[in-house]
Amino acid sequence: MFRSVCCVVLIQSWLISLGLTASFWSGLCMSTQNPSRPPSSVGLGSPIKNSKLFLAVFSAVLGNFSFGYSLVFSSPVLPQLKSPDADPRLRMDTEKAAWFGSIYSLGAAAGGLGAMLLNDMVGRKLSIMMSAVPSTIGYMLMGGAVDLWMLLVGRFLTGVAGGMTAASIPVYISEISHKGVRGALGSCPQVTAVFGTLALYALSLVVPWRWLAIAGEVPALFMVVLLVFMPSSPRRLLSLGREQQAERALRWLRGSHYDTQIDINTQSRVTWSQLATPVYYRPIIISVVMRFLQQMTGVTPILVYMEPIFAKSKVSLAPKYDAAIVGAVRLFSVAVAASLMDKAGRKALLYTSSMLMFLSTLTLTMISHTTPCPPGPSPPNLTMSLNYSPHNDIGNSLEASSAGLIPLISTMVFIFGYAMGWGPITWLLMSEVLPLVARGVASGLCVTVSWLTAFMLTHAFTHLVDNYGLYVPYLCFTVVCVVCLLFNAVCIPETRGRSLEEIENYFRTGRTFTIRRSQSTAQSG
């Protein structure tokens with residue numbers, strides 16, 4: 001009973017910190033906007049009010065908190081289930097561990113497929129709320145597991161919930177936000193996912209793995225309670241022809257004096273023949289390839305198997321503490337990304353992210369390819385050996401200690417680079433560049449491709465490491481980081497400061513942003 005209370009208190013503390021962080025970065029973004037920006041109001045000159053918008057975003061991104069928590073659930077649990085002291089009914093070998101780590105991604109792919117239908121069938125908000133059902137059932141199965149199938153099914157169901165939230169939450173946030181804060185708010189899903197990851201690592205230091213599963217039920221249930229009072233997506237309501245409800249939702253989100261005609265425009269459903277035109281297929285291809293490359297960088301297997309990787313890398317600290325340190329670094333980096341998203345721009349952060357990931361994976365490749373020599377026999381010169389053996393011991397100890405820190409530092413740099421760019425911006429750009437009329441279906445497609453890739457990579461990772469060591473997967477990740485750099489240079493547009501309509505015009509009018517220029521000209525006149 002005491003442990004249960006501790007779990008609940010710790011999770012609630014993380015949720016309170018999460019709300020403060022989301023509000024802080026959103027407020028920071030608003031404070032750095034151009035003060036000459038015209039207010040969006042009806043004659044009264046009243047600025048947009050964002051307090052209720054922040055509350056709606058916070059309510060939604062609790063699903064990402066649960067997503068980040070469940071994604072890395074296997075990292076502290078696998079070492080316990082693979083140990084000789086584990087329950088014989090639950091003990092895992094390499095193949096079972098590979099399935100336990102990777103079946104989450106398979107569930108997330110299934111959740112993405114479900115979101116393709118649910119986003120347009122019941123709406124974005126209800127899709128997010130429905131994700132709490134498989135999440136709660138999955139954690140209950142894992143918390144009370146007495147056989148291996150319960151662990152696998154529970155892990156799969158939490159993956160389904162993660163796929164549903166990954167496809168629905170970024171779309172919901174982008175459609176309720178205005179362009180002044182969409183960059184900062186669009187990074188909140190990644191920020192809260194990192195909070196969830198860090199919460200799991202912190203709890204795993206003091207809580208047994210079954211109580212970790214029980215604590216995982218709290219954020220999803222809290223999310224459902226809050227979302228009941230939040231509005232549906234105004235753009236979703238417009239697509240259904242419910243203009244009055246859309247106006248009420250916009251005024252709830254922006255303030256009672258907000259001019260809703262700024263956002264009210266006619267929308268229609270896309271047809272299959274329209275998908276063959278560049279205005280639709282180009283942004284969809286960009287989003288799908290970005291999600292594919294994001295997973296091919298290796299971030300999912302690194303997060304899922306972080307403690308086993310550190311154990312194999314001979315890091316000088318205990319693997320569970322290394323994982324907690326990396327989680328803290330990831331949190332810091334996404335906070336930096338959120339503050340720079342609307343200042344430096346998306347492409348600049350993606351360039352920085354690609355370079356940092358490339359340098360870190362290249363270092364990890366070289367380290368893992370070099371195996372230390374085992375201690376040999378005593379040297380023939382016994383005098384020299386006696387004279388210098390204490391110094392040699394100290395030198396070898398220092399060398400081993402410094403060498404053990406290099407994998408930790410390189411992994412921290414990799415996570416820092418990923419969380420600065422390819423982590424949050426891929427989520428944000430997916431919700432920005434996808435066509436408005438096809439966003440629900442296309443976002444589900446992106447998530448499905450992403451998590452199918454993650455499943456294959458995560459499942460193969462354990463076997464590659466057992467057969468070839470860490471060298472081969474790290475080398476593949478290094479090559480992918482170079483591809484990410486080139487893809488950003490050639491294919492990804494800069495969306496900073498653009499409305500969703502402007503971004504769609506970018507693909508419709510020969511790759512030019514026309515709406516903003518006309519508005520700024522009218523304003524200056």
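Computed from the coordinates by the stated procedures, all read-outs in this text should not be read as laboratory data. Since the structure is predicted, the reported quantities are computational estimates derived from the model, not experimental observations. Note that we place each Cβ from the backbone using ideal geometry, even for glycine, and neighbour counts take in every protein chain shown.
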Add +1 for every Lys or Arg and -1 for every Asp or Glu among the other residues with Cβ under 15 Å from the Cβ of PHE156, and state the total. +1
Unsatisfied cross-links (Cα-Cα over 32 Å) in the set LYS82/LYS347; LYS125/LYS347; LYS96/LYS347; LYS125/LYS312; LYS82/LYS125; LYS312/LYS347: LYS82/LYS347; LYS96/LYS347; LYS125/LYS312; LYS82/LYS125; LYS312/LYS347
Net charge around SER59, counting only other residues with Cβ within less than 13 Å of its Cβ (Lys, Arg = +1; Asp, Glu = -1)? +3
For segment 450-462, Karplus-derived ³J(HN,Hα) couplings (6.51, -1.76, 1.60; θ = phi - 60°; whole Hz; x for glycine and proline) come out as 4, 7, 5, 4, 5, 4, 4, 6, 5, 5, 6, 4, 4
Restricting things to alpha carbons, tell me how big segment 151-207 is in terms of Rg and Dmax, in Å. 14.5, 44
What does the convex hull of the Cα atoms come to per residue for segment 40-192, in Å³? 109 Å³
Where the eigenvalues come from the Cα gyration tensor of segment 435-485, what are the semi-axes √(5λ) of the equivalent ellipsoid, largest first, in whole Å? 30, 15, 4
Local net charge near LEU118, Cβ-Cβ under 11 Å (Lys/Arg +1, Asp/Glu -1): +1
Under 5 Å between amide H atoms, partner at least 5 residues away or on a different chain: which partners does LYS49 have, H built in plane at 1.01 Å? GLY255
